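Everything below concerns the one structure shown next.
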Amino acid sequence: MAVFLGIDWGGTYIKAGLVSPKGVVVKERIYQSADLRKKTVFIQNLKSLLKDFKGFSIKGLGIGAPGIIDTKKGFIYYLPNIPGWKNFPLKEVLIKQLKLPVAIGNDANLFGLAEARCGAGRGFKQAIFLTLGTGLGGAVLIDGKLLTGRTSAAELGHVPLTLKGNLCGCGARGCIETYTGNGYLLKRYRQLKGNKTKIKEVSEIFQRGLKGEKQAIMLWKEFSYNLGKFLSGMVNVFNPEAIILGGGVSGALGLFRPYLLQVIRQQAMWPQVKNLKVLKAQLKQPGIVGAALLVKEQLEKQ
């Protein structure tokens, strides 16, 4: 069976899967280790994966990396949350060692690719994809193709919401992800509760909001205001048919979607928001699927 190997790369884990040409995950593996931050360990794990999957005809390897990538060269400029990978020619090294076609892209872009081809984004020509979790990752679909640049484009989480604001991991201030990430939401909720709660999961704030708790609802309204102001600008720029949200925070979409749409409709130019849809991502393993589709589509272009 011909398949593509997709890698969803985190700081302490590798989620790997064999994916059919139609985007179906047929086999999965998850490796967890802090040592995966080391180049030699990371590459050795990929070699082990190929041995584990030796019964399959693997046509190519795709990797979703959490950082700034030269997507054509497969060159990693840096990974903000994984030290030791600055200015590294990963694609070149892997092709030599693994003897396979290799494609490397930004993980949020590949989330968008997967959802566009196989998930909630199917049928749309223009769409914005966001992953809402620790930070805010983004991808933009234009005329059915992902927006690309010299490096991995659509770093939407680092669009400034304000000129003077919270310090972001990228080194700038006021980036939208500093007002929508898990850490900020938990901190702000504790403030609203007078620092009298030890809540540790955003999902708990969602559940409290569903039960009508005043502070939880206030937090989701603030979140919707911040995200909505940002997305209204993106709507004016890209004129999407749909905005598709994934990541852990998107689990609360049923609660905050009405507030979010209200802000977007108030702020964006009205023809741009006509018939705009805000949808939840559908795929269980979009990182794996997107990485596999990346190498598949690159091979098809050759």
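The values are calculated or read from the model by the stated rules, or taken from the named source; none is laboratory data. Predicted model, so just to flag it, every value in this text is computed and none were measured. So basically every Cβ, Gly included, is an ideal-geometry build from the backbone, and we count neighbours across all protein chains shown. SASA here: full protein model, heavy atoms, side chains in, ligands and nucleic acids out. Shrake-Rupley method; radii C 1.70, N 1.55, O 1.52, S 1.80 Å.
The residues of the range 117-167 that are closer than 19 Å to Pro286 by Cα and of a type in the set (Ser, Thr, Tyr), listed by number, are Thr131, Thr134, Thr148, Ser152.
Check Phe111, Phe129 and return the single one that is open to solvent by less than 30 Å² (accessible area, probe 1.4 Å), among the aromatic types (Phe, Trp, Tyr), assigned to a helix (DSSP H, G or I) and touching a residue at least 12 places away in the same chain (Cβ under 8 Å).
Exactly one of Phe111, Phe129 is open to solvent by less than 30 Å² (accessible area, probe 1.4 Å), among the aromatic types (Phe, Trp, Tyr), assigned to a helix (DSSP H, G or I) and touching a residue at least 12 places away in the same chain (Cβ under 8 Å), namely Phe111.
The lone criterion from (1) surrounded by fewer than 17 Cβ atoms within 10 Å (Cβ to Cβ); (2) at positive phi; (3) among the small types (Gly, Ala, Ser); (4) touching a Phe, Trp or Tyr at 6+ places or on another chain (Cβ under 9 Å) left unmet by Gly123 is number (4).
With respect to being in contact with a helix residue (DSSP H, G or I) (Cβ under 8 Å, 6 or more places away or on another chain), part of a loop (DSSP other than H, G, I, E, B) and small (Gly, Ala, Ser), Gly105 falls outside the description. The number of residues in the range 74-91 that are outside any strand (DSSP E or B) and either surrounded by 13 or more Cβ atoms within 10 Å (Cβ to Cβ) or under 21 Å from the mean Cα position of the chain (by Cα) (or both) comes to 11.
Taking into account only those residues within the range 12-37 that are of a type in the set (D, E, K, R) and at pLDDT 85 or above, which is most open to solvent (accessible area, probe 1.4 Å)? Talk me through it step by step, then tell me what you get.
Kept after step one, since they are of a type in the set (D, E, K, R), are these residues of the range 12-37: 15, 22, 27-29, 35, 37.
Restricting the remaining residues to those that are at pLDDT 85 or above gives 15, 22, 27-29.
Working: Lys15: 61, Lys22: 177, Lys27: 70, Glu28: 87, Arg29: 76 Å².
If we take residues in the range 12-37 being of a type in the set (D, E, K, R) and at pLDDT 85 or above, then Lys22 is most open to solvent (accessible area, probe 1.4 Å).
Restricting attention to the range 222-235, which residues are over 21 Å from Asn182 (Cα atoms) and either within 19 Å of the chain's Cα centre (by Cα) or touching a residue at least 60 places away in the same chain (Cβ under 8 Å) (or both)? Once the filter is applied, which keeps residues that are over 21 Å from Asn182 (Cα atoms) and either within 19 Å of the chain's Cα centre (by Cα) or touching a residue at least 60 places away in the same chain (Cβ under 8 Å) (or both), the range 222-235 yields Gly233, Met234, Val235. Scanning the range 279-292 for residues that are among the hydrophobic types (A, V, I, L, M, F, W, C) and open to solvent by 10 Å² or more (accessible area, probe 1.4 Å) yields Leu279, Ala281, Leu283.
Scanning the range 132-158 for residues that are open to solvent by 50 Å² or more (accessible area, probe 1.4 Å) and of a type in the set (A, V, I, L, M, F, W, C) yields Ile142, Leu147.
The single condition among (1) open to solvent by 30 Å² or more (accessible area, probe 1.4 Å); (2) closer than 18 Å to Ala153 by Cβ; (3) assigned to a helix (DSSP H, G or I) that Ala116 does not satisfy is (1).
Of everything in the range 54-70 that is over 16 Å from the mean Cα position of the chain (by Cα), surrounded by 13 or more Cβ atoms within 10 Å (Cβ to Cβ) and modelled with pLDDT under 95, the residue that is farthest from Val26 (Cα to Cα) is Asp70.
Selection of the range 236-278 for residues being in contact (Cβ under 8 Å) with a residue 60 or more places away in the chain, open to solvent by less than 50 Å² (accessible area, probe 1.4 Å) and either of a type in the set (Phe, Trp, Tyr) or assigned to a helix (DSSP H, G or I) (or both) yields Phe238, Val249, Ser250. Among the residues making up the range 162-187, those that are surrounded by fewer than 19 Cβ atoms within 10 Å (Cβ to Cβ) and part of a loop (DSSP other than H, G, I, E, B) are Thr162, Leu163, Lys164, Gly165, Asn166, Gly169, Cys170, Gly171, Ala172, Gly174.
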